[in-house]
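Below is one structure, written out as structure tokens, with a few remarks after it.
The values are calculated or read from the model by the stated rules, or taken from the named source; none is laboratory data. Computed from a predicted model, the values in this text were never measured in an experiment. Cβ placement follows ideal geometry from the backbone for every residue including glycine, while neighbour counts extend to all protein chains displayed.
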Amino acid sequence: MIILGIDPGLSNTGWGVVERTGSRLRCLGYGCVTTSPAEETSRRLKIVHDSLADVIATYVPAALAIETLFFNANVRTAFATGQARGAALLAAAQADLEVGEYGPSEVKLAVVGSGSADKRQVQYMVRAILDLAEEPKPDHAADALALAICHRTSPANASAVRGATAGWTAAVARAERRAAGERR
């Protein structure tokens with residue numbers, strides 16, 4: 001199954017495509033749709049929609065995993081994010097994709113094993129789970145890949161990432177020892 005993860009935002013909408021074959025997860029691609037604040041909002045939303053429609057046409061996912069709207073004190077930012085989220089959901093509906101919606105804590109729990117994990121831990125685990133040579137950049141794309149992973153880690157699918165998330169502390173310690181050895 002191919003899953004498209006979306007981290008919505010009007011200025012930056014991250015996307016990441018993950019394929020599950022058996023218990024293996026593989027990254028097929030990722031990126032970020034960037035729009036300029038100098039553009040009219042309607043034009044920016046068209047760019048987000050059309051770019052994601054192109055990603056959908058290229059990778060032909062069966063499902064879309066998108067972050068739920070996190071409302072914070074900045075109402076203007078929340079509205080802009082909601083509009084970008086709507087453009088992404090429209091592209092998904094036009095392609096008849098299954099849609100899963102996840103909050104930040106759900107994604108962190110699925111990817112790292114802790115709903116209070118920090119961004120560094122999420123990026124590290126995305127890299128480890130998908131066996132990437134480096135952490136995906138920008139962080140919007142890493143977040144989108146984490147959403148796609150989260151979509152495949154319901155209780156029935158948790159074994160696909162359980163081994164990777166269980167070793168977070170040990171993996172960080174090994175990486176720090178290697179880095180210390182390289183500095184000598």
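For the condition among the hydroxyl-bearing types (Ser, Thr, Tyr), outside any helix (DSSP H, G or I) and without any contact (Cβ under 8 Å) to a residue 24 or more places away in the chain, what is the one hit in Ser116, Ser42? Steps first, answer last, please.
On the way: Ser42 fails: outside any helix (DSSP H, G or I).
Testing whether each residue is among the hydroxyl-bearing types (Ser, Thr, Tyr), outside any helix (DSSP H, G or I) and without any contact (Cβ under 8 Å) to a residue 24 or more places away in the chain leaves just Ser116.
Restricting to the stretch 56-69, name every residue that is more than 15 Å from the chain's Cα centre (by Cα) and of a type outside the set (Val, Ile, Thr).
Ala57, Tyr59, Ala62
Any chance the stretch 133-141 includes a residue that's touching a Gly at 6+ places or on another chain (Cβ under 9 Å), closer than 17 Å to Leu64 by Cβ and not acidic (Asp, Glu)? If you could, list the steps in order and put the result at the bottom.
Residues of the stretch 133-141 touching a Gly at 6+ places or on another chain (Cβ under 9 Å): 136, 138-141.
Filter once more, keeping what is closer than 17 Å to Leu64 by Cβ: 140-141.
Still in the list and also not acidic (Asp, Glu): 140-141.
So far as the stretch 133-141 goes, yes, one or more of its residues are touching a Gly at 6+ places or on another chain (Cβ under 9 Å), closer than 17 Å to Leu64 by Cβ and not acidic (Asp, Glu).
So which residues in the stretch 110-133 are among the acidic types (Asp, Glu) and at pLDDT below 90? It would help to see each step written out before you state the result.
In the first step, residues of the stretch 110-133 are kept if they are among the acidic types (Asp, Glu); the result is 118, 131.
Correct list: Asp118 only.
When both residues are 6+ apart or on different chains and their Cβ atoms are under 7 Å apart, which pairs have a first residue that lies in the stretch 57-74 and is closer than 14 Å to Trp15 by Cα and modelled with pLDDT of 95 or more, and a second that is surrounded by 15 or more Cβ atoms within 10 Å (Cβ to Cβ) and among the charged types (D, E, K, R)?
Ile66/Arg85; Ile66/Glu101
List pairs: first in the stretch 91-107 and touching a residue at least 40 places away in the same chain (Cβ under 8 Å), second hydroxyl-bearing (Ser, Thr, Tyr), Cβ under 8 Å, 6+ apart or cross-chain?
So the pair list comes out as Tyr102/Thr68.
Residue under question is Leu90, and the condition is that it be of a type outside the set (Asp, Glu) and within 21 Å of His151 (Cβ to Cβ); does it hold?
yes
Does any residue of the stretch 67-86 turn out to be assigned to a loop (DSSP other than H, G, I, E, B), within 15 Å of Asp143 (Cα to Cα) and of a type in the set (Ser, Thr, Tyr)? Let's see the steps before the verdict.
Filtering the stretch 67-86 for residues assigned to a loop (DSSP other than H, G, I, E, B) gives 68-74.
From what's left, within 15 Å of Asp143 (Cα to Cα): 68-70.
Applying the additional criterion that residues be of a type in the set (Ser, Thr, Tyr) yields 68.
Yes, there is a match, as at least one residue in the stretch 67-86 is assigned to a loop (DSSP other than H, G, I, E, B), within 15 Å of Asp143 (Cα to Cα) and of a type in the set (Ser, Thr, Tyr).
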